[in-house]
Amino acid sequence: MDLYEYQGKELFKRVGIPVSNGRLAETPEEARTAAEEIGGAVVVKAQVLTGGRGKAGGVKLADDPADAEEKARNILGLDINGHIVRRLWIESASDIAKEYYLSIAFDRGAKQPLFMFTTQGGVEIEQVAEENPDALIRLHTDPLEGYQPWIARKLIYDAGVEDPSEQKQIAAIVEKLYRAFVEFDAMLCEINPLIVTPDGEVKALDSKFTVDDSALFRHPDVAEWRDTSAADPIEAFAREKGVTYVKLDGDVGICGNGAGLSMSTVDVVAHVGGKPANFCDLGGGGSAEGVVDALEVITRDPQVKSIFFNIFGGITRCDEVARGILEALERLDMSKYPIVVRLDGTNAEEGRRILQEAGKPNIYPEATMLEGAKRAVELAK
Ligand code: GDP
Ligand code: MN
């Protein structure tokens, strides 16, 4: 689960990483009130789950409350990489002397946390890695050893931070960021920029924080922060219905039983030149009700032109799936969708017979996964 900047900063605050005083606002009027309460110049920041907000015009300085209201009016509703701005974070504006970068990410390949630090912050880290790789200090650590003070010292010396006061403050922040990383089961904690003010104060000006979904049950207060309105509306609907669904960009709707078979189906459809519209897993049961729910989810996507059911019956019984498809045809308006059905395994023959006897003109039985995929791709054209 990706957190908004303001949520990540709340966690930073809990472990003692310095951040600016701020308030949340959802309207220009609230932005004005927030600026009044904070006092002085503020920065008005779009809260969206994507980077590059500054470049897209989603981060603006404001001199006073009236200016904050005006800037808020401009930023609310902006489309930043497909994310519409509905919330703003208003915080006390900082003077910036230097912009650094600090992150801890979980490196799956190395099975270890990876620290990254550079004095070339403020820009995207991929750009630093490409243009100035020597300036980007990378350091893996053993998760079982826990935090050791040499980690911060090595990062700081290798990156060439020379000011003793900066060194001391950054070392404290590295340790606290690691604590946040472990305590909140993070996959990523990133501060970009980590600034030094003209007075020599080091603080986090931005936050990117990803919490491991599998650990959310240990952090009910964080789990509650999930913003369902920001999720893809079809994916949100699928979650409501208990359907395992991931939206993709193509036009062939896909439904399999089991994650492995569903993923293979996505691959085979792509292999024969088609574009999958989604990943959808009926799960092990594959009850008629489950099939109806899955079809309801899949057909909410206006890009879907054809649907491919790829079922291998084990626990799932193919006759049950066939009945589910027919029931869905009764309950939903499915007449415009050609539905290719490949049934194999438990009760496959009975399932095929049920479909055949129903005599629906938009149901196309196919014997194999490959033939089914080809047919579904053809029918999507
Ligand atoms: P991002 O573009 O989504 O990464 O958003 P950031 O929060 O990192 O802000 C982008 C840039 O805006 C930063 O790199 C800063 O240069 C600038 N910025 C953000 N907050 C302030 C602030 O309080 N004062 C000043 N002067 N600049 C800021
Ligand atoms: Mn940033």
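The values are calculated or read from the model by the stated rules, or taken from the named source; none is laboratory data. Predicted model, so just to flag it, every value in this text is computed and none were measured. Note: ideal-geometry Cβ built from the backbone for every residue, glycine included; neighbour counts use all protein chains shown. Quick note on the areas: whole protein, heavy atoms, side chains included, nothing else; ligands and nucleic acids left out. Shrake-Rupley method; radii C 1.70, N 1.55, O 1.52, S 1.80 Å.
Through the Karplus equation 6.51 cos²θ - 1.76 cosθ + 1.60, θ set to phi - 60°, convert the phi angles of region 320-333 into ³J(HN,Hα) values in whole Hz; use x for Gly and Pro.
Per-residue couplings from phi come out as 5, 5, 4, 5, x, 5, 5, 5, 5, 5, 6, 7, 10, 7 Hz.
Given the options Ile137, Leu88, Leu379, identify the residue whose Cα lies farthest towards the positive end of the charge dipole of the chain (+1 on Cβ of Lys, Arg; -1 on Cβ of Asp, Glu).
It is Leu379, whose Cα lies furthest towards the positive end.
May I ask you to give the solvent-accessible area per residue for region 21-92, in square angstrom, as obtained with a 1.4 angstrom probe?
Here the per-residue accessible area is 48 Å².
Would you mind pulling out the separation of the Cα centroids of region 121-163 and region 315-374, in Å?
So the two Cα centres are separated by 56 Å.
At 4 °C and 1.567 mPa s, what whole-number value in µm²/s does Stokes-Einstein give for the translational diffusion of the chain, with Rh from the Kirkwood sum over Cα pairs? Could the numbers behind the result be given before it?
On the way: Rh = 23.8 Å.
Here the translational diffusion coefficient equals 54 µm²/s.
Keeping every protein chain in place, order Ile96, Ile90 by accessible area at 1.4 Å, biggest value first, i.e. largest first.
Result, largest first: Ile96, Ile90.
On a 1.4 Å probe surface of the protein chains, which of Thr50, Thr265 comes out largest in accessible area, and what is the full order?
Ranked list, largest accessible area first: Thr50, Thr265.
As I understand it, the dipole of region 49-197 uses +1 on the Cβ of Lys and Arg and -1 on the Cβ of Asp and Glu, about the Cα centre. Which of Thr50, Thr118, Ala172 lies farthest toward its positive end?
Thr50
Per residue, how large is the accessible surface of region 181-317? Use a 1.4 angstrom probe and give square angstrom.
Numbers: 5870 Å² over 137 residues.
The answer is 43 Å² per residue.
Past 21 Å, Cα to Cα, is the threshold; run Lys247/Lys275; Lys98/Lys168; Lys9/Lys176; Lys9/Lys60; Lys111/Lys247 against it and keep the listed order.
Violating the 21 Å limit, Cα to Cα: Lys111/Lys247.
Treating only the Cβ atoms of Lys and Arg (+1) and Asp and Glu (-1) as charged, compute the dipole magnitude of region 180-273 about its Cα centre; round to the nearest 20 debye.
300 debye
For region 73-205, what log10 I(q)/I(0) values come out of the Debye formula at q = 0.09, 0.11, 0.16, 0.21 1/Å, with one point per alpha carbon and no solvent?
So the normalised log intensities are -0.30, -0.45, -0.88, -1.28.
What percentage of the solvent-accessible surface of the chain, computed with a 1.4 Å probe over protein heavy atoms, is contributed by carbon and sulfur atoms?
It is 48 percent, rounded to a whole number.
When the chain is treated as a GNM, springs tying every alpha-carbon pair under 10 Å, which of Arg108, Arg53, Arg23 comes out with the largest mean-square fluctuation?
Sorting by GNM fluctuation, first place goes to Arg108.
Charges at C-beta only: +1 for Lys and Arg, -1 for Asp and Glu. How large is the resulting dipole of region 21-92 about its Cα centre, in Debye rounded to 20?
The calculation lands at about 420 debye.
To the nearest 10 Å², what's Arg353's accessible area with a 1.4 Å probe?
Ignoring ligands and nucleic acids, Arg353 comes out at about 110 Å².
So what's region 233-380 giving for Cα Rg divided by 2.2 N^0.38 Å, two decimals?
0.90
For the chain, give me the percentage of DSSP beta bridges that are antiparallel, rounded to the nearest 5 percent.
On the way: 46 of 64 bridges.
Looking only at bridges with both residues in the chain, the antiparallel portion is about 70 percent.
Ordered by residue, what ³J(HN,Hα) values in Hz, to whole numbers, does region 334-341 give under the Karplus form 6.51 cos²θ - 1.76 cosθ + 1.60, where θ = phi - 60° and Gly and Pro are x?
10, 4, 7, 9, x, 10, 8, 10
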